[in-house]
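Peer 1: Structure incoming, see below.
The values are calculated or read from the model by the stated rules, or taken from the named source; none is laboratory data. This is a predicted model, so every value here is computed, not measured. Cβ placement follows ideal geometry from the backbone for every residue including glycine, while neighbour counts extend to all protein chains displayed. The area values use the complete protein model at the heavy-atom level, side chains included, leaving out ligands, DNA and RNA. Shrake-Rupley method; radii C 1.70, N 1.55, O 1.52, S 1.80 Å.
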4 protein chains.
Amino acid sequence: MLAHVSFVPTGTGEELKELLARAAKIIAGSELNYQLTSMGTIIEGDWDEIVTIIKKCQDEIGHSAERVVTNVVIDDRQGLDNRLKNNALEIEYAVGGELETNGLT
Amino acid sequence: MLAHVSFVPTGTGEELKELLARAAKIIAGSELNYQLTSMGTIIEGDWDEIVTIIKKCQDEIGHSAERVVTNVVIDDRQGLDNRLKNNALEIEYAVGGELETNGLT
Amino acid sequence: MLAHVSFVPTGTGEELKELLARAAKIIAGSELNYQLTSMGTIIEGDWDEIVTIIKKCQDEIGHSAERVVTNVVIDDRQGLDNRLKNNALEIEYAVGGELETNGLT
Amino acid sequence: MLAHVSFVPTGTGEELKELLARAAKIIAGSELNYQLTSMGTIIEGDWDEIVTIIKKCQDEIGHSAERVVTNVVIDDRQGLDNRLKNNALEIEYAVGGELETNGLT
């Protein structure tokens, strides 16, 4: 399962990037395959692994923010693994040339 | 302005990756700075540039699918450019170490 | 906590509305306060209640679809309950007049 | 075309609901069929109508916030209109009983 998650904290005295950095640390410290981008983090794992990590991040951010809006997109496709890189590779292959993945593929 | 866009076509005889490849080609053929990931494409530009490209992609996919669900997240921050790479860089810096960005930073 | 969830199944022989109806039945059969709209369902509950119900829906749909894309937005605000109706009411009040909520307020 | 839009402003001295009320007023003042909920507003129209109204809202909020994160989901289905109510009605019908739509259906 692939998940793309992003957090928008409001009502906080701290800089957003400090709070997002704390969430990023939690994800990086897990065993899961992940990719940080400017618009969120992609995580690969099973349902329990993914929701557990999102909960930890949301709680961590919630310590310093009155409100957190969390956006999660889950892509659940039967029988496939290692999709964090392969999904992008497949599209490149179908295009028939290189695309800008900033190093992913 | 940064936008993260993803398309989910349904009611189509074609393979999803073929349709998404056509959209990817349109984005790649524009002048805009972009990054393809497994969960969508990040595009940097102004409002008009971004909506124009999303419309082209949606229309292109719509030629081969009865229905398209398009997900767009726009991050509009006053006075900042070059954020496709810098936003991720800032979080890495705040974490105080390297994070997995698969080559972006 | 408020969550807005929507499911887009692909690779299914069934009509989308049949699959979405099965998910709607699961949500309706839970004890949670919810609101069905044309673009998704809003659910109010705590984290565990919300993720449990989303998992049940995703699994149910997954029985009949090769792939499910699930979109979840979570709005977690400290110390407030009964927000499914109140959030919309607050905005109406701030506007200073009635807004179209199709009966919610 | 149906769109579900929500705005999360940050870096603002004003209360979120004041800014969201200004956006709600703009949508309500347009000719478009819409529905305000606790998690966003559903708008029905064609592409240009929808993006025009979203831009107006984002700009309005941007006058009072350093940063706005806008989330848009577009559901584009060939050949169908009046879906703001009908999509929810269809699911109720498929369920075979009433669902909580808070007055929509």
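Peer 1: Taking into account only those residues within the range C:45-80 that are in a helix (DSSP H, G or I) and polar (S, T, N, Q), which is surrounded by the fewest Cβ atoms within 10 Å (Cβ to Cβ)? Don't jump to the end; show me each part of the working.
Peer 2: Step one: filter the range C:45-80 for residues in a helix (DSSP H, G or I), giving C:47-62.
Then drop every residue that is not polar (S, T, N, Q), which leaves C:52, C:58.
Details: C:52: 15, C:58: 23.
Selected residue: C:52.
Peer 1: Which residues, taken from the range B:32-44, are assigned to a strand (DSSP E or B) and of a type outside the set (A, V, I, L, M)?
Peer 2: B:33, B:34, B:35, B:37, B:40, B:41, B:44
Peer 1: Continuing with the same structure: What's the total number of residues in the range C:54-72 that are under 10 Å from the mean Cα position of the chain (by Cα) and farther than 22 Å from residue B:70 by Cα?
Peer 2: 0
Peer 1: How many residues does the range A:64-81 hold that are more than 10 Å from chain B (Cβ to nearest Cβ) and more than 20 Å from residue C:81 (Cβ to Cβ)?
Peer 2: Final tally of qualifying residues: 7.
Peer 1: Sticking with this one: Pick from the range A:2-31 the residues that are part of a loop (DSSP other than H, G, I, E, B), at negative phi and more than 10 Å from chain B (Cβ to nearest Cβ): which of them is most open to solvent (accessible area, probe 1.4 Å)? Explain how you work it out, then say what you get.
Peer 2: Initial filter on the range A:2-31 (part of a loop (DSSP other than H, G, I, E, B)): A:11-15, A:29-31.
From the residues that got through so far, the ones that are at negative phi too are A:12-15, A:29-31.
Pick out the ones that are also more than 10 Å from chain B (Cβ to nearest Cβ) and you get A:12-14, A:29-31.
On the way: A:12: 35, A:13: 89, A:14: 72, A:29: 64, A:30: 29, A:31: 176 Å².
Applying the filter and picking the extreme gives A:31.
Peer 1: Additional query: Cβ-Cβ below 8 Å, separation at least six or inter-chain, first residue in the range A:91-104 and facing chain B (nearest Cβ under 7 Å) and over 17 Å from residue B:26 (Cβ atoms), second open to solvent by 20 Å² or more (accessible area, probe 1.4 Å) and of a type in the set (Gly, Ala, Ser): which pairs?
Peer 2: Short answer, once both residue conditions are applied: A:102/B:103; A:103/B:103; A:104/B:103.
Peer 1: Let me ask you something else. Quick check on residue D:39: is it within 8 Å of chain C (Cβ to nearest Cβ) and in contact with an Asp or Glu (Cβ under 9 Å, 6 or more places away or on another chain)?
Peer 2: yes
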